[in-house]
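Down below is the structure, laid out as structure tokens.
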Ligand code: IVH
């Protein structure tokens, strides 16, 4: 099953009333149908209430729908839907909050799981900074709080703005609500810099979470799945008075923009923040080596069950700020920090069925449908089985009792089968060799783990998933056009490929015939679509859903090509593909197989024409360069030989940070070749091509202007 079953059939979500038949007198078919109607109806009312601020039923009627949903789910636990309102994570996308562009991006963290991961992390940093064995490299270790990150901006010592992380570049303005949170200082003690952005985690204590849920339940209101969702839900309230009534806590752990440095090290910065009035986690500590970090990790892990709040790992940070500065970031995470995650939590349950899902790239993914079970505070009813080898290796069969695990936000996994409990008549799972959705052969290329439907976008399931990806949050993110509407419009034959979305305006009258679409919602939808005709190049690339091209790669490609025209030309069927592949893999982080997927995507005629059709509808905004006015911005630079002052990786990161493109090979397009000691053939080639060759000192002089 690649998509949800028909969600609401003939029922109008706006007017649905809760059923009156006692659940114990119902059969599964009737319960399934009613649960589907309830899910659609509650989602509809949530949107009216939170998103549009325009509820169409009373709170009491809404509560009755939620209560009926809960009663049916309690009677039929196996029928709890994936999109059940009772499982919904956090609050819906808040439409009522203004956007805030972060002065400095809010980064996420790379994860490590084993001691070896931590050793590699430290070794990478030593290499990057060219540190010798004996040079000191101290880290801090602090608990990773399971909440939501906030950026608090203080000017003249007063809180002027609070924003959520959002996509890291742009978050939501939650200032009015944060003013209600006692744990966040409204003004700072001492003499803080004129501008100071403090970042940290907003969270809810476990005890306050329990108390909140108890009172929510008594009032028939929404139950939160875990303290993190409760904190997020409490923050994203239209009415700041509601936020005020919830007990929220805050730990400060890093800085954004600051008009003057607070200190030379992270540990000292934390101390300074403490003096200004912030709570600093008392288990934050500085360690001079990896052994010390691992020791502290164990100590924090041992304290975890007795802490009043949830943590899901330990964050290590390079202590010296000057090192942090030099290390910079890759994609969306700093090179100088790592989250060492705690091992996953496990539980035992029954495997009811194995479904095969067809993804947007045609991958056939087996999914375990489980008897719902609570793991680490969250109800789990599905788990990934990865691929056919995994099923065979673990000999997973329908009807087995299985151990499952979930860690943080990752999809739950089946760890192993409890073979002693296996029914006598169980049979090995037969993995299909044709696509369950379109019947085309499903092929598994030699050496690959994944079997794929060979029908590309001709396969309706692939096309549907592709379109859903296209409108998803980090892609086109069109308000009012989510997975549900894509299902509906594809079913109606109105959307076959992305460009059709931009032609929906021609179907105004037909839209008005659909249930749930009034004049206002149609106008809103069409306006939201219109607003997206202008789109950032990197978002557009990400939206294409090319295999292996995530947000970070999309940004790299956007920076590299600068315009869709250049990208299409380089990847055209008649282009010099060898040269394009060489050009692609010269981009930091792009490897052979990703380059091959990119070339493959654009070589397919269906894809190509879909992209051309789309581009005709859009006005694509070129990527913002990190630094437009640096002397090397937009220049192509090649490094060769050994540099004395910094590692090659650091030199490359510096150049890219200044807006330059760094390439691996010299060509006529190269602007500068920076030649360290023992530069060989590249220097000769540069001389032949007349490319400017800079010695290391000349390079440093150029960029320090
Ligand atoms: S440092 C550039 N420290 O974890 C540094 N993050 O998975 C960015 N988090 O978005 C974050 N506790 O919301 C840092 N002690 C801690 C943290 C922490 C929790 C969160 C934060 C971040 C997420 C990344």
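Over region 260-331, what relative contact order in percent results from Cα pairs under 8 Å that are six or more residues apart?
Relative contact order comes out at 38 percent.
In whole angstrom, how long is each semi-axis of the equivalent ellipsoid of region 557-606, when you take the square root of 5 times every eigenvalue of its Cα gyration tensor and sort them from largest down?
They are 16, 13, 10 Å, listed from largest to smallest.
Label 7 Å along Cα→Cβ of residue 160; region 176-205 residues with amide nitrogen under 15 Å?
Residues 187-188, 192-198 fall inside that zone.
Once each part is reduced to its C-alpha centroid, what is the distance from region 648-677 to region 510-533 in angstrom?
48 Å
Go ahead and collect, in residue order, the members of region 654-695 whose backbone nitrogen is under 19 Å from a label point 7 Å along the Cα-Cβ direction of residue 589.
In region 654-695, the label zone of residue 589 (backbone N under 19 Å from the point 7 Å along Cα→Cβ) covers 654-664.
Along each of its three principal axes, how wide is the spread of alpha-carbon positions in region 351-499, in whole angstrom units, largest first?
Its Cα atoms span 54, 38, 28 Å along the three principal axes.
Which value results for Rg/Rh of the chain when Rg is the Cα radius of gyration and Rh the Kirkwood radius based on the inverse mean 1/r?
0.96
State the Kirkwood hydrodynamic radius of region 645-684 in Å, one decimal place, computed from all pairs of distinct Cα atoms.
With all distinct Cα pairs of region 645-684 included, I get 11.2 Å.
Once you treat every alpha carbon in region 399-485 as an equal point and sum by Debye, what is log10 I(q)/I(0) at q = 0.17, 0.20 Å⁻¹?
-1.04, -1.06
Binning at 10 angstrom from zero up to the longest distance, how are the C-alpha pair distances of region 254-324 distributed in percent?
The calculated distribution, bin by bin, is 17, 45, 32, 6.
Along Cα→Cβ, 7 Å out, is where each label goes; now give me the distance between the ones at residue 568 and residue 642 in nm to one decimal.
Between residue 568 and residue 642, the label points sit 4.9 nm apart.
So, in nm, how far is label residue 304 from label residue 288 when the simple model puts each one 7 Å beyond its Cα toward the Cβ?
Distance between label points: 2.9 nm.
Counting every Cα pair in region 497-633, what percent are over 21 Å apart? The partial results should precede the final answer.
Numbers: 4592 of 9316 pairs.
In whole percent, the long-distance tail amounts to 49.
Express in whole angstrom the spacing between the alpha-carbon centres of region 305-349 and region 455-480.
32 Å
Take the Cα of residue 582, step 7 Å along the line toward its Cβ, and report every residue of region 667-704 whose backbone nitrogen sits under 19 Å from that point.
Zone members listed by number: 667-674, 680-692.
Quick check: Cα centre of region 186-242 to Cα centre of region 101-162, how many Å?
23 Å
Expressed as a fraction of 2.2 N^0.38 Å, the rule-of-thumb size for a compact globular protein of N residues, what is the C-alpha radius of gyration of region 513-591?
1.52
Given bins 10 angstrom wide, list per bin the percent of all Cα-Cα distances in region 195-269, short to long.
Per 10 Å bin, starting at 0, the Cα pair percentages come out as 17, 40, 21, 17, 5, 0.
Calculate the FRET efficiency for residue 415 and residue 115 from the Cβ-Cβ distance with a Förster distance of 25 Å, rounded to the nearest 0.05.
For residue 415 and residue 115, the calculated efficiency is 0.75.
Quote the relative contact order of the chain in percent (integer), defining contacts as alpha-carbon pairs under 8 Å separated by 6+ residues.
On the way: 1252 pairs, mean separation 67.7, N = 705.
Dividing the mean separation by the residue count of the chain yields 10 percent.
Quick one: Kirkwood hydrodynamic radius for region 106-170, alpha-carbon pairs, angstrom, one decimal?
Value: 15.3 Å, from the Cα pair sum.
Only Cα pairs under 8 Å and at least 6 apart count here; give the relative contact order of region 387-517 as a rounded whole percent.
Computed value for region 387-517: 14 percent relative contact order.
Find the all-direction average of the projected area of the Cα convex hull for region 115-214, expressing the result in square nanometres with one decimal place. Walk me through the numbers before you get to the answer.
Details: hull surface 42.1 nm².
For the Cα atoms of region 115-214, the hull's average projected area reads 10.5 nm².
Per the Kirkwood formula on distinct C-alpha pairs, the Rh of region 577-705 is how many angstrom?
This gives a value of 16.5 Å.
Between residue 12 and residue 82, how many nm apart are label points set 7 Å from Cα along the C-beta direction?
3.0 nm
For the chain, what is the mean residue ellipticity at 222 nm derived from helices alone (per DSSP H run of n ≥ 4: -39500 (n - 2.57); sum divided by total residues; nearest 500 deg cm²/dmol)?
Taking each H run of at least 4 residues, the total per residue is -10000 deg cm²/dmol.
Which whole-percent values make up P(r) of region 282-400 when all C-alpha to C-alpha distances are grouped in 5 Å steps starting at zero?
P(r) for region 282-400, in whole percents per bin: 2, 9, 13, 13, 12, 11, 13, 12, 10, 4, 1, 0.
Under a no-solvent Debye model with one identical scatterer per Cα of region 459-562, what's log10 I(q)/I(0) at q = 0.23, 0.24, 0.25 Å⁻¹?
Result of the Debye calculation: -1.25, -1.33, -1.41.
Computed from the coordinates by the stated procedures, all read-outs in this text should not be read as laboratory data. What you see is a predicted model; the values in this text were computed from it and never measured. Neighbour counts run over all protein chains shown; Cβ positions are idealised from the backbone, glycine included.
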